[in-house]
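The values are calculated or read from the model by the stated rules, or taken from the named source; none is laboratory data. Only a predicted model underlies this, so the values are computations on that prediction, with no experimental measurement involved. Don't worry about glycine lacking a Cβ; one is built from the backbone with ideal geometry, like all the others, and counts go over all protein chains shown.
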There are 2 protein chains.
Amino acid sequence: MTSSFHPPQRTLMGPGPSDVNPRILEAMARPTIGHLDPLFVQMMDEMKSLLQYAFQTKNELTIPVSAPGSAGMETCFVNLVEAGDTVIICQNGVFGGRMKENVERCGAIAIMVEDEWGKACDPAKLEAALKAHPEATTVAFVHAETSTGATTDVKAMCDLAHAHDCLTIVDAVTSLGGTELRVDAWGIDAIYSGTQKCLSCTPGLSPVSFSPASVERIQNRKTKVQSWFLDLNLVMGYWGKGAKRAYHHTAPINSLYALHESLVLLQNEGLENAWARHAKNHNALKAGLEALGLSFIVDEAVRLPQLNSVTIPEGVDDAQVRGILLNDYNLEIGGGLGVMAGKVWRIGLMGYASRQDNVLKCVSALGEVLGRVGANVDTKKAMAATIAAYGE
Amino acid sequence: MTSSFHPPQRTLMGPGPSDVNPRILEAMARPTIGHLDPLFVQMMDEMKSLLQYAFQTKNELTIPVSAPGSAGMETCFVNLVEAGDTVIICQNGVFGGRMKENVERCGAIAIMVEDEWGKACDPAKLEAALKAHPEATTVAFVHAETSTGATTDVKAMCDLAHAHDCLTIVDAVTSLGGTELRVDAWGIDAIYSGTQKCLSCTPGLSPVSFSPASVERIQNRKTKVQSWFLDLNLVMGYWGKGAKRAYHHTAPINSLYALHESLVLLQNEGLENAWARHAKNHNALKAGLEALGLSFIVDEAVRLPQLNSVTIPEGVDDAQVRGILLNDYNLEIGGGLGVMAGKVWRIGLMGYASRQDNVLKCVSALGEVLGRVGANVDTKKAMAATIAAYGE
C-alpha cells in the first residue's frame, strides 16, 4: 500500500517554483465550491482586477489560463498566429527557442533574431529583421529570460514592432511581481506569466493579458484556433463580463484561491515596494556571492534581481554541490539550462523567497559547501559583505 | 483594497466538482518542493502506480496531464490524430460534440455516429460506420456522459474498433473511481479523466493512459504534435522511467499532492468497494427522488450511479429551485447542458460526495424546496423510501 506523501520543508531558491507564502497554501486548502457558483464568479472578477494591477494594464482580457506558463505561452501563439503568418522571434536564451516551436506548430514561419545567451535582445537587430520581413505580423521575445537572468528593454522592442505594424507577444514568466513591468505603458499586446515565480504562488496557472488590438485579431481570425482548450474566443465566454458565464472547462478552483491570495498579498505590499524588495535582496546576495569569488554571467545593466546566474568555480562539481545543499540544508538552487548546464547556478530570489533570512542562509550554506568540496572560499568575509550590503 | 476570499462550505452534488475529502485539501497545502526534487520524482513514480491501479492498466504511459479534463481530451486527440486522418466519433451527449471540435482542429475528418441524448452509444451503428469508412484510424466515444448520466458498453465498442484496425479514445471523466472501468481488459488505447469527479479531488488535472499501440503511433507520427505543451513525446521525458527527468514544464506540485492523496484514499478503500458505494448511494437517492415524483431520463440498464439526471417537474422554475438550494442549504446540484438546459437536474453522487448524509440532505432539501415553490410532493414519504433503500 502506498502512503500519503509528506514533503520536507525546503527553501526554494532555484528558478521556480519559489518559496510559497504560507498564507497562500492556507488559501489553497479552503473548501472547494462550484465553478459557476455566484460567489466564485465574484472572486473571478476580483482576480481580473488584481491581475490588471499586477500587469499595470486596463486590458479587459486579463485572466489566468488554467495550466502552467508553457500553456500561457501557447495561448498567446495559437490565438494570435495563423498558418502561413511570419513571426519574428528575438532569442537570447532557452525560452525564445520554445517560442519558435510554438510558431512552427501553428504552421507559421519563425524568423529568428539571435543574441548571445546572457545578453539582452538587441533592438537594432529587431529593426533590421522588421525591415527585411515586411510580411511579419508579430514580434515575440522574453522580458526576463529564466535561463540566464537577463532582461530586455520591452518598450524599445514594442515601439519598433508597432512602427512596422506588428503585434507583440512578451514572456513575463519570471518578471511579473519581481521587476518593473508596465503592459500598457510599454505597448505589450499579449503577455503571459507564471504563478510560481515572483508571485510566490503554487505552480500550475498562467496569468495572461491581451490588448484590444490582440482581441480584435483573435475575433477576426480566418481559421479556428487549433487548440479548443486554449481558444480565447471560448474562454472569454467563461471569464467575460456579467454574472452569466458559459461553461467552457472546469476551472481549477483551489489553485485560483491560491492565486487570488497571492495577488491580494502583492496589492497589500504595493507593486513598487515588491520591486524594491527584490532589488534590495539581490544587492545583498550579489555582495555575498562575489565575496565568495563567484561571478555573474549577466552584465549589471541588464541583470534581473530575482534570478542570479553565476559561474560554477573551476573544479567544482555542479550536481555534488546542489545535492549537499538540498540534503544538508534543505536548500534548492537551480542548475543551468541548455548550453549552460553544468556551467552555471541559477539562484532565485523570487516573491516570498526574496527575504533577508534566505539571502543569509544561501551565502552561508554555499560558502560552507564550497569549502567542504575543496574550493578556496572565505565564508566569513562573504557573510560580512552580505550584511554590510543590507546596511547601505 | 481587495480582501482574501473565504468561500462557504457547500455540499457539491452537481456534475463536478464534487465534495473534496478534507484529507485531500490538507495534502494540497503541504510545503511546495521543486519539480525536479528527488523526493518529488519518487512521488511521481508512486502516482503512476496508483493511477495504473485506478485505471486497471499496466500501461507505462499513465500520468496526470497538468491541466483540466478538456486538456486531457485534447492530449489524446492531438497526439493520436494527424491532419487528413478519419476519426469516427460516437456521440450521445455534449462531450461527443467537443470531441468533434478537437478532431476538426487537428485538420482531420470527423465521422459522426449519433445516438439520442440519454441513451448509450449503439455498437451496431459504430459497426456500420466502420464498414462505410475503412480509412478510419481512430474511434472515440464517451464512457460516462456527464451531460446525461448514460454509460456505454466500452468493451463492445473497442472490440469492433480493433476488428477494423482502429485505435480507441475513451472519455472517462465521470467514470474513473465511481463505476466499473478496466482499461486493459476492455481494450482502451487512450483514455482521459478528471480529478474533480469520482476521485473527490480538486479540479485542474487530467489523468490519462495510453496503450503500447498508442505510444507506437505517437512515436511514429509523420508530423509534430500541434501542441507543444501537450506533446507526449516531450512530456514522456519528464514523466518517464528512471531518476533522470528532463524539464518540460513546471509541474503543478501542490495539485499533484492532492491527486496523490486522493489515489491513496481510493487504494485504501479498494476500487470495487468504491464502485459498490456509488451504487448503494445511487439506489437510495433514486428511491427518494422517485418518491418525490421525479423521473430519470436514462434507462436503468445504462444509468450511471454517480450522475442522476431527472426531469424538472412541469411548472417548476429550474434556476429558482437551484438558487434556493444553494442559498438556504449550501447545496449545489447541476442544471442541464446543451439541449437539456432548463429541462433536467443533474445530481451528482461522486467520490466523497457519495455518502448517506448527502443523500438524505438532498432528498429532504429538494422535497422542502419543491413544496415551497408550489409542487405537490410528499417529502416524508420520500425520506422513508430513501432510508428503506439503505436497509435493503
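The table that follows gives values for the structure above.
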{"item": "Filter pass, B:Asp357 being surrounded by fewer than 20 Cβ atoms within 10 Å (Cβ to Cβ), within 25 Å of B:Ile24 (Cα to Cα) and among the charged types (D, E, K, R)", "result": "yes"}
{"item": "Filter pass, B:Ile111 being surrounded by 24 or more Cβ atoms within 10 Å (Cβ to Cβ), under 24 Å from the mean Cα position of the chain (by Cα) and among the hydrophobic types (A, V, I, L, M, F, W, C)", "result": "no"}
{"item": "Residue in the range B:312-325 that is surrounded by 22 or more Cβ atoms within 10 Å (Cβ to Cβ) and assigned to a loop (DSSP other than H, G, I, E, B) present", "result": "no"}
{"item": "The range A:275-311, residues that are farther than 24 Å from A:Ala54 by Cβ and surrounded by fewer than 20 Cβ atoms within 10 Å (Cβ to Cβ)", "result": "A:Glu290, A:Gly293, A:Ser295, A:Phe296, A:Asp299, A:Glu300, A:Ala301, A:Thr311"}
{"item": "Index of the failed condition, B:Thr174 passing every other in (1) within 18 Å of the chain's Cα centre (by Cα); (2) of a type outside the set (A, V, I, L, M, F, W, C); (3) away from every other protein chain (no Cβ under 12 Å); (4) under 20 Å from B:Val139 (Cα atoms)", "result": "(3)"}
{"item": "Residue that is nearest to the other protein chains (Cβ to nearest Cβ) [pool: residues in the range B:59-90 that are in a strand (DSSP E or B) and not hydroxyl-bearing (Ser, Thr, Tyr)]", "result": "B:Val65"}
{"item": "Scope the range A:91-140; condition away from chain B (no Cβ under 14 Å), out of contact with any helix residue (DSSP H, G or I) (no Cβ under 8 Å at 6 or more places or on another chain) and part of a helix (DSSP H, G or I); matching residues", "result": "A:Ala124, A:Lys125, A:Ala128, A:Ala129, A:Lys131, A:Ala132"}
{"item": "One residue from B:Ala341, B:Ala385 being of a type in the set (A, V, I, L, M, F, W, C) and touching a residue at least 60 places away in the same chain (Cβ under 8 Å)", "result": "B:Ala385"}
{"item": "Exclusive hit being free of Cβ contacts under 8 Å to residues at least 40 places away in the same chain, of a type outside the set (Phe, Trp, Tyr) and closer than 30 Å to B:Leu205 by Cβ, set A:Gly240, A:Gly187", "result": "A:Gly240"}
{"item": "Failed condition for A:Ala54, given (1) assigned by TED's automatic domain parsing to the domain that holds A:Arg105; (2) at pLDDT below 95", "result": "(2)"}
{"item": "Unique residue being outside the structural domain of B:Gly149 (by TED's automatic domain parsing), under 30 Å from A:Val41 (Cα atoms) and not small (Gly, Ala, Ser) when the list is B:Thr32, B:Thr11", "result": "B:Thr11"}
{"item": "Boolean, A:Ile347 is modelled with pLDDT of 95 or more and farther than 16 Å from A:Ile312 by Cβ", "result": "no"}
{"item": "Within the range B:208-232, tally of residues that are of a type in the set (S, T, N, Q), touching a residue at least 24 places away in the same chain (Cβ under 8 Å) and either within 14 Å of chain A (Cβ to nearest Cβ) or not in a loop (DSSP other than H, G, I, E, B) (or both)", "result": "5"}
{"item": "Total residues in the range B:1-56, condition farther than 24 Å from B:Leu360 by Cα, within 8 Å of chain A (Cβ to nearest Cβ), hydrophobic (A, V, I, L, M, F, W, C) and outside any loop (DSSP other than H, G, I, E, B)", "result": "7"}
{"item": "Only one of A:Ala375, A:Ala365, A:Ala382 that is assigned to a loop (DSSP other than H, G, I, E, B) and among the hydrophobic types (A, V, I, L, M, F, W, C)", "result": "A:Ala375"}
{"item": "Leading residue by the ranking (nearest to B:Ser309 (Cα to Cα)) among those in the range B:344-356 that are assigned to a loop (DSSP other than H, G, I, E, B) and either without any contact (Cβ under 8 Å) to a residue 24 or more places away in the chain or of a type outside the set (Ser, Thr, Tyr) (or both)", "result": "B:Leu349"}
{"item": "Selection count, the range A:183-203, where residues are part of a loop (DSSP other than H, G, I, E, B) and either within 8 Å of the chain's Cα centre (by Cα) or surrounded by 24 or more Cβ atoms within 10 Å (Cβ to Cβ) (or both)", "result": "13"}
{"item": "Pick from the range B:233-276, criterion at the interface with chain A (Cβ under 9 Å from one of its Cβ atoms) and outside any helix (DSSP H, G or I), ranking: modelled with the highest pLDDT", "result": "B:Pro252"}
{"item": "Answer residue from the range A:221-273, given it is buried (at least 22 other Cβ atoms within 10 Å of the Cβ) and among the small types (Gly, Ala, Ser) and is nearest to the chain's Cα centre (by Cα) among those", "result": "A:Ser262"}
{"item": "Which numbered condition A:Arg303 fails, given (1) closer than 27 Å to A:Trp345 by Cβ; (2) over 19 Å from the mean Cα position of the chain (by Cα)", "result": "(2)"}
{"item": "Meets criteria (at pLDDT 95 or above and within 11 Å of chain B (Cβ to nearest Cβ)) for A:Ser309", "result": "no"}
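Table: residues versus (1) in the same structural domain as A:Cys121 (by TED's automatic domain parsing); (2) free of Cβ contacts under 8 Å to residues at least 12 places away in the same chain; (3) more than 22 Å from A:Leu176 (Cα to Cα).
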residue	(1), (2), (3)
A:Leu263	yes, no, no
A:Ala279	no, no, no
A:His282	no, no, no
A:Leu285	no, no, no
A:Ala291	no, no, yes
A:Val298	no, no, no
A:Asn308	no, no, no
A:Ile312	no, no, yes
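Quick grid of which residues meet (1) over 30 Å from A:Glu332 (Cα atoms); (2) basic (Lys, Arg); (3) surrounded by 24 or more Cβ atoms within 10 Å (Cβ to Cβ):
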| position | (1), (2), (3) |
| --- | --- |
| A:Ser18 | no, no, yes |
| A:Glu26 | no, no, no |
| A:Ala29 | no, no, no |
| A:Leu36 | yes, no, no |
| A:Asp45 | yes, no, no |
| A:Pro68 | no, no, yes |
| A:Gly72 | no, no, yes |
| A:Cys90 | yes, no, yes |
